Amino acid sequence: MFLKFVDREKEVVFLDKRYRDKGFDLIVIYGRRRIGKTELIKEFIKNKSHIYFLCDKKGTERNILRFKKKLSFFLDEPVIATNDLEEIFSYLLKKVKGKTVIIFDEFSYLVEKDKDVPSVFQVIVDELLSKENLMLILCGSSISMMILGALSYKSPLYGRKTGHVNLQELDFKYLYDIFPKKGTKEIVDIYATLGGVPFYLEKFSPNKSVFENIDENIISKEGKLYEETDFLLKTELREPDIYKTIIEAVANGATKVVEIANRSGIKAMDIDKYLKTLIRLGILKKCIPVTEIKSKRSVYSTEDNFFDFWFRFCEPYKSDLEVGETKGVKEIIKKNFNSYVGKKFERLISRYINVFFPDFQKTGKWWGHYREKDERKTAEIDIVGLNKQKKEILFGECKWQDNVNAEKIFSALKKKSELVIWNKDKRKEYYAIFAKTFRKKIRKENICCYDLKDFEKTIKKS
C-alpha cells in the first residue's frame, strides 16, 4: 500500500528553522533502517535548492564520480575534472546562489568502506563550509558507522555538527491515519506486531485482517518481511547468529543475564557486550524497578515489536517455514496472540502514560519479592508513576481483556501497592486500570478506568 507522509512534524519544523537561519549548519540524521529518514529528508527539501546524493558501498572513488554527475546536473554544467572532494566543494561554493542544502544519504556506507572519509569532511567543513550560508546533512542507517563517522568523540567530525535528529518510530496515534478504516483493537494488534516502523506498516494491507497480513507478509517465505530480521542483523553486525540466539532467548521469556546466557549458550561473563550492542540498536531494553536508581535486579526485554514477534513465533520454527509448512505456526500464533498483544498493550500504555497523567515525572514498571507462608514470591505492577515534589504515586494495571472486573483488579493492585516502600505513609496514591472494556467502571476521585474508547480519544488529542 502507499503510505502517506505522517508524523515527523517536530523534525521538519526543526530542519526548517535551521534552514531559515543564516550561516552554516551540519545536521546529522540517524536512526535504524526502515524508520523513514529518507522520507523525512525528501519532505524537508521540497521547494528548496538542494543536492541529494545517495551513497553506495562501492568505495570513495566510485561515489565521487557519481557525486560529480549530480553536481553537473544541479549546475547544468559539464562534469568537473578533479576527483579531489575538497576541490569539488570549493568549485560548488563559487557557483551556488542562496541557501543550498547538500545531503549525503547513507553517509555510513562511505565510512564503512573508507575510514578516512570523516577526516576529509572535517577539512571541508573547517576550511570551506563553516562560513558559508549552507546546510550539510549527513544521514545514515548503520548506527555503529554513524557513531564512528560523525557522532563519537573519536571522530574527526566530533564537535562540528550544529544539530542532529535521532529518528524514532512513528507515534502510535498516527496509525489511525495509516489505517483509517480499522478500529483501535485492530490497530493495537498491528502495532504489537510491527511497532511504528513506516516500512513495515506500508506492507500491511488496510483491507485485510492482521492474521491475513501476517500470513502473507511475515510467515510466508515469499513475504515482504520474511527475511527482514536477518537482513538487518547481517547489515549491522559481524556475528549475526550469536545475536539471533540472544534475541530469541529474550523474546521467549529469558529476562536475567544468567537466564539469557544459559538459553543462548554463551558464557554469562561474555554476554554483556552483546546485550549492550542490542540495546544501542533499539532491539533490546534494560530495565530496573522504577523506584530504584541503581539495582542489581535489572531485567531485559525485547524493545522492538517486530523483532519480538519474529523471534517468538517464527524463528523457532524457521525450518518449517523454509519448506512452506506454515499451518502449525499459524495455529501457534493464533493461540498465543492475545497474550502477546497484552504485553505490548502494557508497553504502549506505559509509553503514553504521561498523556493520561502528566504530573508524574518518572514512570515505569515495578517488581519486588515478598514472603507468603515461608514461600518467596514475586509481585509486579505494570505501571508506577512518581511525583517526588508532591510525594504522589500512581499505580497502574493493564488488561487486554473484555468485561474486566474493575473492583477485583483494583483490590489486587491495592494489595500489591503496599509492597512498594517509596515514601510509604507519607504519599498520596492514585490508581489507573486500562482494559478493552469493563463490566462497570469504578468512579472514585483517586481511581481511573480507561477502556479502548477512552484510550483512542485521549491519544488522538495528544
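The values are calculated or read from the model by the stated rules, or taken from the named source; none is laboratory data. Quick caveat, the model's predicted, so the values are computed rather than measured. Glycine also receives a Cβ, built like all others from the backbone with ideal geometry; neighbour counts cover every protein chain displayed.
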For region 91-142, name all the residues that are free of Cβ contacts under 8 Å to residues at least 60 places away in the same chain, in contact with a Gly (Cβ under 9 Å, 6 or more places away or on another chain) and in a loop (DSSP other than H, G, I, E, B). GLU106, ASP114, LYS115
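Per-residue answers, yes or no, for (1) under 26 Å from GLU456 (Cβ atoms); (2) over 23 Å from the mean Cα position of the chain (by Cα); (3) of a type outside the set (Val, Ile, Thr):
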position	(1), (2), (3)
LYS334	yes, yes, yes
SER350	yes, no, yes
LYS388	no, yes, yes
GLU392	no, yes, yes
ASN423	no, yes, yes
GLU429	no, yes, yes
Taking region 394-410 and keeping only residues that are among the hydrophobic types (A, V, I, L, M, F, W, C) and under 29 Å from the mean Cα position of the chain (by Cα), one is left with LEU394, PHE395, CYS398, TRP400
Filter result for the condition that a residue is over 24 Å from ASP114 (Cβ atoms), touching a helix residue (DSSP H, G or I) at 6+ places or on another chain (Cβ under 9 Å) and of a type in the set (Phe, Trp, Tyr), over PHE14, PHE44: PHE44
Go through region 429-458 and give me each residue that's assigned to a helix (DSSP H, G or I) and buried (at least 19 other Cβ atoms within 10 Å of the Cβ). LEU452, PHE455
What number of residues within region 292-317 are crowded, with 19+ Cβ neighbours inside 10 Å and polar (S, T, N, Q)? 2
Could you count how many residues in region 126-146 are under 31 Å from the mean Cα position of the chain (by Cα) and crowded, with 19+ Cβ neighbours inside 10 Å? 12
With the checklist (1) among the small types (Gly, Ala, Ser); (2) at pLDDT 95 or above; (3) within 19 Å of GLY163 (Cα to Cα) in hand, flag the one item SER72 doesn't pass. (3)
Candidates GLU380, GLU397, GLU418 - the one that is surrounded by fewer than 14 Cβ atoms within 10 Å (Cβ to Cβ), assigned by TED's automatic domain parsing to the domain that holds TRP367, within 18 Å of LYS343 (Cβ to Cβ) and of a type outside the set (S, T, N, Q): GLU380
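Taking the condition surrounded by 15 or more Cβ atoms within 10 Å (Cβ to Cβ), modelled with pLDDT under 90 and assigned to a loop (DSSP other than H, G, I, E, B), does SER155 pass?
Details: surrounded by 15 or more Cβ atoms within 10 Å (Cβ to Cβ): yes; modelled with pLDDT under 90: yes; assigned to a loop (DSSP other than H, G, I, E, B): yes.
Yes, satisfied.
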List, please: which pairs have Cβ atoms under 6 Å, are six or more places apart or on different chains, and start with a residue in region 258-280 that is assigned by TED's automatic domain parsing to the domain that holds SER298 and end with one that is among the polar types (S, T, N, Q) and in a helix (DSSP H, G or I)? SER264/THR245
Restrict the check to region 367-381 and report whether at least one residue is modelled with pLDDT under 95, farther than 25 Å from LYS296 by Cα and not in a strand (DSSP E or B). yes
Quick one: is GLU212 surrounded by fewer than 20 Cβ atoms within 10 Å (Cβ to Cβ), of a type in the set (Asp, Glu) and not assigned by TED's automatic domain parsing to the domain that holds ASP382? yes
Of the conditions (1) assigned to a loop (DSSP other than H, G, I, E, B); (2) without any contact (Cβ under 8 Å) to a residue 24 or more places away in the chain; (3) touching a helix residue (DSSP H, G or I) at 6+ places or on another chain (Cβ under 7 Å); (4) aliphatic (A, V, I, L, M), LEU225 fails just one. Which one is it? (2)
(1) in contact with a strand residue (DSSP E or B) (Cβ under 7 Å, 6 or more places away or on another chain); (2) among the small types (Gly, Ala, Ser); (3) surrounded by fewer than 17 Cβ atoms within 10 Å (Cβ to Cβ): which one isn't true of GLY183, the others all being true? (1)
Would you tally the residues in region 274-288 being under 22 Å from LEU167 (Cβ atoms) and buried (at least 17 other Cβ atoms within 10 Å of the Cβ)? 6
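Please find, within region 158-180, the residue that is surrounded by the most Cβ atoms within 10 Å (Cβ to Cβ) out of those that are part of a helix (DSSP H, G or I) and of a type in the set (A, V, I, L, M, F, W, C). I'd like the intermediate steps shown before the answer.
First, the residues of region 158-180 that are part of a helix (DSSP H, G or I): 172-178.
Filter again for of a type in the set (A, V, I, L, M, F, W, C), leaving 172, 175, 178.
On the way: PHE172: 19, LEU175: 23, ILE178: 21.
Top of the filtered list is LEU175.
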Out of (1) within 22 Å of the chain's Cα centre (by Cα); (2) modelled with pLDDT of 95 or more, the one SER209 does not meet is (1)
Could you list, in sequence order, all residues of region 237-251 that are more than 14 Å from PHE307 (Cα to Cα) and not acidic (Asp, Glu)? LEU237, ARG238, ILE242
Restricting to region 427-462, count the residues that are of a type outside the set (A, V, I, L, M, F, W, C), under 17 Å from LYS399 (Cβ atoms), touching a residue at least 60 places away in the same chain (Cβ under 8 Å) and touching a Leu at 6+ places or on another chain (Cβ under 8 Å). 1
Restricting to region 284-323, give me the number of residues that are in contact with a strand residue (DSSP E or B) (Cβ under 6 Å, 6 or more places away or on another chain), part of a loop (DSSP other than H, G, I, E, B) and among the acidic types (Asp, Glu). 1
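Residues checked against (1) outside the structural domain of VAL197 (by TED's automatic domain parsing); (2) within 26 Å of ILE283 (Cα to Cα); (3) surrounded by fewer than 16 Cβ atoms within 10 Å (Cβ to Cβ):
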residue: GLY23; (1), (2), (3): yes, no, yes
residue: LEU40; (1), (2), (3): yes, yes, no
residue: SER49; (1), (2), (3): yes, no, yes
residue: CYS55; (1), (2), (3): yes, yes, no
residue: THR60; (1), (2), (3): yes, no, no
